[in-house]
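The values are calculated or read from the model by the stated rules, or taken from the named source; none is laboratory data. This structure is a prediction, so every number in the text was calculated from the model and none was measured. Cβ sites come from the backbone with ideal geometry, for glycine too, and all protein chains shown count toward neighbours. In case anyone asks, the SASA skips ligands and DNA or RNA and just uses the protein heavy atoms, side chains included. Shrake-Rupley method; radii C 1.70, N 1.55, O 1.52, S 1.80 Å.
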Amino acid sequence: MTAWNLTYETYKPQDQGLREALCTLGNGYFATRGASAQVSAGDIHYPGTYLAGGYNRLTTVIAGKEIENEDLVNMPNWLYLKFRFTDGQWFSPETATIRSYCQDLDMKNGVLIHIVVFEDEQERRIRMEEHRIVHMGDRHTAAIRVLLTSENQTGSLEVESAIDGTVRNQGVKRYRDLNSQHLEILESESTQNEPVFLKVQTVQSELRVAMAARTRIIKKGRPLDLQAELINDNGYVGKRYTVDISQGETIQVEKIVLVYTSRDIAISECGLAVRTRILHAPEFDDLLASHKLVWKQFWRRSDMKMTDRRKKRQSLRPEMVVRLYTFHLLQTVSKQTIDLDVGVPARGWHGEAYRGHIFWDELYIYPFITLQYPEITRSLLLYRYRRLDMARAAAREAGYKGAMFPWQSSSSGREESQTMHLNPESGRWLPDNSHFQKHVNAAIAFNIWKYFESTGDIQFMCEYGAEVLFEIARFWASIATYNKDLDRYEILKVMGPDEYHDAYPDAEAPGLDNNAYTNVMATWVLTRALNALDILPRDRVEELCETLGITESEIELWWDISRKMRVIFHDDNIISQFEHYDQLKELDWDKYRKKYPNIQRMDRILETEGDSANNYKVTKQADVLMLFYLFSAPELKTLFKQLNYPFEYETIPKNIDYYVRRTSYGSSLSWVVHSWVLARLDRKRSWKFFLKALQSDIDDIQGGTTQEGIHLGAMAGSINLIQEAYMGIKTRGDFLWVNPELPEVLEKLRMQVRHRGSTLAFETTQDMCKITLLCSPKNTFKFGFNDNMYELAVGATRKFHI
Ligand code: BGC
């Protein structure tokens, strides 16, 4: 095991789905799961390909109701490369015997390698070595090189290279009752002298996608001039070659694939683009070299080197998993994403779970990206800006002012949350009220402000950011109601991040009152909107107020609410997750732990038993504790003081203890938050939660969810934990502040970050932190360490004792 490779040395049918998700290759424009190139979709394998933002809507009738869903569409499978001895059995994990197997994701170079020895029913053995890339520098290109060695047979080998447009969306079992035919075939072509060509279209969104594949067979270093059998069968388009092979001989097959869509820029038409470009596409070795170079540059910037004090073999694992999660983050949103109109999907472009939708998970994802590639965050924030009108319409329709962004967003920015969901345990379809999570609006405003704080990008703020911030502030001001008796503002009938609670016990209608996280975040948004009015250039503020019709009295209302929002406490300074939370029953955790092997999804368990999570103090994920995750203790103290509530530092450990004990970890995000909030209070426990967060996808600890798509929020949140919590690098105001505290098991941690054009290298041990300014546009860099300011010249290093 090295800390750069994710390697599986045996073939395990029951784990292939998970491995395919974890071995996905992508470049921020499209992604393809790490399935074998010899398989088709079924219960074991699922070779999905997804375009960033490639959505389509379909309607299905469920329980007499019409349900419309917008899905991330499974695009044609370009991987197909099958082989067999003439008239024999195909050498595929589905049909042949596997004599040896190795699947290796080489993260350093971004290459997926399969080395398999297959045996057919006549005991003829072929050793296959496949190298696969999805090019990180050229977003439209993917390539496969396969070396086939006949181990014990001389004969003629058939090699079939194809693109399969007959695919459907079948990656998530729970969705299988839903309509899944998203694609129609527009054109398909297989001719002797031209590369194979396929053009499809999504049936509703009319997104056209063209693919072309050029396949060469090389023997003894020379491409063979072979006549192929041409295949063109209702969207499955390919060529079958026959080539002689002697025992011990190796032939090489190279497949270069191009993908363009009707949304691409700088082309005339996507079909024409692939047909023209495929003719000049480089060969595999050249593509591999340029692809590796991009990864080398990515890692030079973004690699986090962790040295474990125990120096044992297994101590390489956290470092390896951190790389794996960085790898998937950079494959989901990369420089290739920059001029695309896409947001950050909660499950990556790695599978069909949550339909590729965009939630509040960006909150966990941007901090790391912004300190590495701020230009990517900027582009992703514009995804929200472009949907501001839709959010305005949603607010108006619901009777509010400003802009109300949806809980789940995809193509147009309308609310895409499902209205019913299936509890696979009970088999019942239930109302889905998750769109009551209005707190997503606070997350969007928070992300905009943090980007601005980190980069100082005043143009972005003036042209885009402030408008979204003001409209969201307006929404909060209009959803808040004034309680005369208390002289406080309240937010009623919403849901917090804890999705197990969507209503009061036995209530007829959904919604909870005064969710503390929502109320405090709304206060924060209103405060930042007031700040923005003060700090942005006067003329632009005037323009915006004029255009949006923001009046003095409205600004006064923002001010009033930001001083009088209601937060409810119970027991001794426990922040109530929502009003009357204290009256819910305690869950008998021991009873459920004894009864069920896994109690993470307590909502499903209780519903199956005819009960409801709404009746108990059982939390899916961090809700109140999000406040300690997003804000430092002094920041919270200031906010609570502004609201005229007491806030003692003891409030923090007390609340952490209270809510950690009542969490069932039904969302992988909670491991991240719990690790974070304990980073300073209890380093051992924080590390334990951090390892859990790391485990969540690689070991699929939610039992079967990762194969449907990675959990990008938890992945990015884990990486950011190292950057912001353990290395202690945060932006505050105009400066970068550093305050490291390593978990006890780490001997050393090293990384780089960028701040306002300067690049800094950090190296921290248990008692020393070294900071080097690698380059800077101003030749010097000012930063804070603990509570003091320092200045470094380019090339200089400063050491701090911890
Ligand atoms: C979590 C949400 C999250 C969503 C997408 C859900 O299970 O409860 O907080 O946004 O997954 O990751």
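Overview of results
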read-out: Reachable aspartates and glutamates, given that their alpha-carbon falls under 17 Å from the alpha-carbon of Lys219 and they are not under 8 places away in the same chain; value: Glu129, Glu130, Glu151, Glu158, Glu160, Asp244, Glu249, Glu254, Glu283, Asp285
read-out: Candidates per trypsin sites (Lys or Arg not before Pro) in the range 202-250, loop by DSSP, up to 15 other Cβ within 10 Å; value: Lys220
read-out: Filtered trypsin sites (Lys or Arg not before Pro), the range 367-435: DSSP coil and at most 14 other beta carbons within 10 Å; value: Arg386
read-out: Between the range 203-218 and the range 313-364, the alpha-carbon center distance in angstrom; value: 25 Å
read-out: Members of Lys637/Lys692; Lys12/Lys595; Lys335/Lys730; Lys335/Lys401 lying beyond 25 Å, as alpha-carbon distances in this model show; value: Lys637/Lys692; Lys12/Lys595; Lys335/Lys401
read-out: Restricting the range 179-210 to GluC sites (Glu not before Pro) in coil, as DSSP defines it, with at most 13 other Cβ within 10 Å; value: Glu206
read-out: Estimated [θ] at 222 nm from DSSP helical runs (n ≥ 4, -39500 (n - 2.57)) normalised by residues in the chain, nearest 500; value: -9000 deg cm²/dmol
read-out: Rg to Rh quotient for the chain, alpha carbon positions, Kirkwood Rh; value: 0.98
read-out: Test item: Cα-centred dipole of the chain, Lys/Arg +1 and Asp/Glu -1 on Cβ, debye; value: 2400 debye
read-out: Per-bin percent of Cα-Cα distances, the range 728-802 [10 Å]; value: 19, 57, 22, 2
read-out: Accessible area per residue, Å², the chain with all protein chains present, probe 1.4 Å; value: 38 Å²
read-out: Relative contact order, percent, the chain [alpha-carbon distance under 8 Å, six or more residues apart]; value: 11 percent
read-out: With every protein chain in place, the chain: carbon and sulfur % of accessible area (1.4 Å); value: 46 percent
read-out: Alpha-carbon centroids, the range 632-673 and the range 1-75: separation in whole Å; value: 37 Å
read-out: Greater than 18 Å apart at Cα, pairs in Lys108/Lys292; Lys292/Lys748; Lys585/Lys620; value: Lys292/Lys748
read-out: Residue among Leu760, Phe800, Phe785 farthest towards the positive dipole end of the range 728-802, charges placed on Cβ; value: Leu760
read-out: Charge dipole of the range 103-222 about the Cα centre (unit charges at C-beta), most positive-ward option of Ile113, Tyr175, Leu186; value: Ile113
read-out: At least 27 Å along the helix axis (C-alpha) and Kyte average at least 0.0, DSSP helices within the chain; value: 516-535
read-out: Cα centroid of the range 488-508 to Cα centroid of the range 137-191, whole Å; value: 47 Å
